[in-house]
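Below is one structure; the comments refer to it alone.
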Amino acid sequence: PCALVHWYERTAPEPDEATGLWQVEAQYASDGSPILGIVHLDTITRAAHLMPEYGSDFICAIAPHETLDAPSIRTYFVNKYIDHHAFETLQ
């Protein structure tokens, strides 16, 4: 069994000072297509809980399942407070 993964990368070498959370952005090729990978399920340590980083601009109505594709949201926080396992992994 395997999974299709859209790769993300950190936006800075350290967690955000205000929140203590890592910030990530989705990776895209030069032609705008997402950088994807196929990984075996045994290689996945855990899922990540991504929270959009909202800016000061108005965001039109989007459904929860559309937030990873919303053009107005590019940066996400990796929530280490979702559970104690995530907290330990992301320390």
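None of the figures in this text is laboratory data; all of them are computed from the coordinates on show. All values derive from a computational prediction rather than experimental measurement. Neighbour counts run over all protein chains shown; Cβ positions are idealised from the backbone, glycine included.
Quick notes on this structure:
- Full-extension gain in nm, Phe87 to Glu25, via 0.36 nm per residue minus C-alpha separation: 20.3 nm
- Distant-in-sequence amide H partners of Thr75 (H built 1.01 Å from N, under 5 Å): Glu53
- A simple count of charges around Thr19, restricted to other residues whose Cβ falls under 15 Å of its Cβ and scoring Lys, Arg +1 and Asp, Glu -1, yields -2.
- For the chain, the ratio of Cα radius of gyration to the globular rule of thumb 2.2 N^0.38 Å stands at 1.17.
- Proxy reagent accessibility, fewest Cβ within 10 Å first, across Asp69, Asp31, Asp16: Asp31, Asp69, Asp16
- Label positions at Ala12 and Ser33, each projected 7 Å from the Cα along the C-beta direction, are separated by 3.4 nm.
- Relative exposure of Val39, Val5, judged by other C-beta atoms within 10 Å (fewest first): Val39, Val5
- Residue-by-residue Karplus 3J(HN,Hα) for the stretch 18-32, coefficients 6.51, -1.76, 1.60, Hz, glycine and proline x: 6, 10, x, 9, 6, 10, 9, 10, 5, 8, 10, 6, 4, 8, x
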